[in-house]
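See below for the structure under consideration.
The values are calculated or read from the model by the stated rules, or taken from the named source; none is laboratory data. These numbers come from a predicted model, not from an experiment. Reconstructed Cβ throughout: ideal geometry from the backbone, glycine too, with neighbour counts over all protein chains shown.
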Amino acid sequence: MMNSVCRKKGLNPCSTFYRLAYLLAILLVLAGFPAITAAEDEMPWSAELHVKRYLGSHTSFEFGNPLPPYQAPLSRLEFPLNTWWLGGEARRRFSRFSAGLEILRNISGESDGSFTDSDWDDETRPDVKTIYSESQCRMEPSYIVRGDVDLKVSDWLGLPVWFDLRPVVGVRWQRVKLVGHDGIQTYPAPGDTTPPEPLPGDGILFEQTYWQYFLGIRTTYDLGKHILESRLKLFFQLDWAYVDAENSDHHLFRAGNRMTYEKTRGSAVHASLGLKTGLANNINAGVEAEYLRIQTKGSHRIVNHVMNLDMSWDNGVRVWSEQMSLMMSLEYLF
C-alpha cells in the first residue's frame with residue numbers, strides 16, 4: 001500500500017519514507033546507548049562552533065541528446081560552491097560509542113568563481129561546442145546536515161591507548177540553492193560570427209540535493225604522547241557513501257515555465273584531516289581540511305507545458321560534485 005501511494009505522488013520507491021526510517025533507526029539505537037554502555041566520561045557532552053570555507057568546489061550536471069546523433073554531452077552546467085558556512089556540532093560520548101549531529105548554513109551569498117553553461121547542439125558537428133556562457137553565481141539559503149555513530153574497537157584490537165580506531169556510520173544531507181545571474185553568452189563554434197550577448201539579471205534558478213549514506217573509519221592520534229603536549233590530537237576520517245541525488249533547473253530566459261529535473265544515484269568518497277589542541281580544561285580549538293567527491297548517474301526530465309513538452313531520458317545523464325574546504329572550530333566540553 002505504501003509503495004502504491006508513493007507511485008501516485010511520483011516517489012520511487014518511497015524514497016522520503018525510507019530516508020526517514022533510516023534516520024529513525026539511528027535515533028532508536030542512540031536511545032538505547034545508556035542501557036548498553038558502562039562508565040561515561042567525566043565530560044560526556046561537547047558542543048562545537050564551526051566556521052567553514054569552501055575552495056575550488058562545484059556541483060555540476062550534464063545530459064546527452066535523446067535523439068540522433070545522440071551526442072553526449074548535449075548540455076553541461078557547472079555551479080561554484082566557494083562560500084562561507086557557519087554552524088555547529090553536538091556530540092555525546094559513552095564508554096564504547098559516540099554519536100553526533102552537525103548543522104551548517106551558508107553565511108555568504110556570492111560564490112567565488114563563475115557559473116558556466118555549455119551546449120553542443122549542432123547535430124552535424126556533435127563534438128563542437130556551439131554555445132558557452134559565464135555568469136556570476138549567488139547562493140541562496142543552503143544547508144548541510146550530518147549525523148553519525150561510531151564504535152570504539154582499538155582496545156579490542158590491542159592497539160596502544162594513544163591510537164583510537166572507530167568504525168563510523170551515518171548520513172550526510174546537502175541542499176544547495178544557486179542562482180546564475182548577470183552573465184555573457186558567446187558562440188565558440190568555428191565560423192560562427194555571432195557577437196557575444198549580455199545576460200542581465202537572474203538567468204537560472206538551480207537546486208541540488210544529495211543524500212549520502214556513509215560507512216568508514218575514524219581515528220584519533222594523541223600527539224601529546226610524543227611531543228609533550230597532552231591536549232594535542234590528530235583526527236582522520238575516510239568513508240564511502242551510497243548517494244541518492246535530485247536537482248531542479250529553471251531557465252528564466254526560455255519561453256514558458258521551462259524546468260528540468262535529474263534523479264541520479266551513485267557513490268561518494270570523503271576524507272578529512274584535523275588537528276585539535278586544548279586552550280583550557282574544557283575548551284579546545286581545531287582546524288580541519290576536508291575533501292568530498294560525488295559521482296552519480298540517472299535520468300533527465302524536461303517539462304514546458306506552454307510548448308506541450310514533457311519527456312525523460314537517460315543518455316549521458318551525469319551529476320557530480322567536488323568539494324574541498326577548510327574549517328575552524330571551537331569546542332566546549334561539559
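With the condition kept exactly as written, say whether any residue in segment 240-251 is more than 23 Å from Phe79 (Cβ to Cβ), among the hydrophobic types (A, V, I, L, M, F, W, C) and either assigned by TED's automatic domain parsing to the domain that holds Glu89 or assigned to a strand (DSSP E or B) (or both). Yes, because at least one residue in segment 240-251 is more than 23 Å from Phe79 (Cβ to Cβ), among the hydrophobic types (A, V, I, L, M, F, W, C) and either assigned by TED's automatic domain parsing to the domain that holds Glu89 or assigned to a strand (DSSP E or B) (or both).
Conditions tested, residue by residue: (1) at positive phi; (2) surrounded by 15 or more Cβ atoms within 10 Å (Cβ to Cβ); (3) among the charged types (D, E, K, R).
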| position | (1), (2), (3) |
| --- | --- |
| Gly278 | no, yes, no |
| Asn281 | no, no, no |
| Arg293 | no, no, yes |
| His305 | no, no, no |
| Asn308 | yes, no, no |
| Gly316 | yes, yes, no |
| Gln323 | no, yes, no |
| Leu330 | no, yes, no |
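Among the residues of segment 149-208 satisfying the criterion of being small (Gly, Ala, Ser) and loosely packed, with under 13 Cβ neighbours inside 10 Å, which is nearest to Leu232 (Cα to Cα)? Among those that are small (Gly, Ala, Ser) and loosely packed, with under 13 Cβ neighbours inside 10 Å, it is Gly158. The conditions of being on the phi < 0 side of the Ramachandran plot and either in contact with a Ser or Thr (Cβ under 8 Å, 6 or more places away or on another chain) or in contact (Cβ under 8 Å) with a residue 60 or more places away in the chain (or both) are met by Asp192. Of the residues making up segment 103-134, those that are touching a Lys or Arg at 6+ places or on another chain (Cβ under 6 Å) and either within 14 Å of Val179 (Cα to Cα) or touching a residue at least 60 places away in the same chain (Cβ under 8 Å) (or both) number 2.
The residue list Lys152, Lys225, Lys233 contains one member that is touching a residue at least 60 places away in the same chain (Cβ under 8 Å) and either outside the structural domain of Leu273 (by TED's automatic domain parsing) or more than 28 Å from Glu134 (Cα to Cα) (or both), which is Lys225. Here segment 107-122 is the region considered, the condition is being within 18 Å of Asp192 (Cβ to Cβ) and charged (D, E, K, R), and the residue that is surrounded by the most Cβ atoms within 10 Å (Cβ to Cβ) is Asp117. Each residue in segment 73-98 was checked for being outside any strand (DSSP E or B) and surrounded by fewer than 17 Cβ atoms within 10 Å (Cβ to Cβ), and 2 pass. If you check Ser60, Ser133, Ser142, Ser108 for being over 20 Å from the mean Cα position of the chain (by Cα), in the same structural domain as Tyr261 (by TED's automatic domain parsing) and polar (S, T, N, Q), only one passes: Ser133.
Do we have Pro195 as assigned to a loop (DSSP other than H, G, I, E, B) and assigned by TED's automatic domain parsing to the domain that holds His50 here? Criteria met by Pro195.
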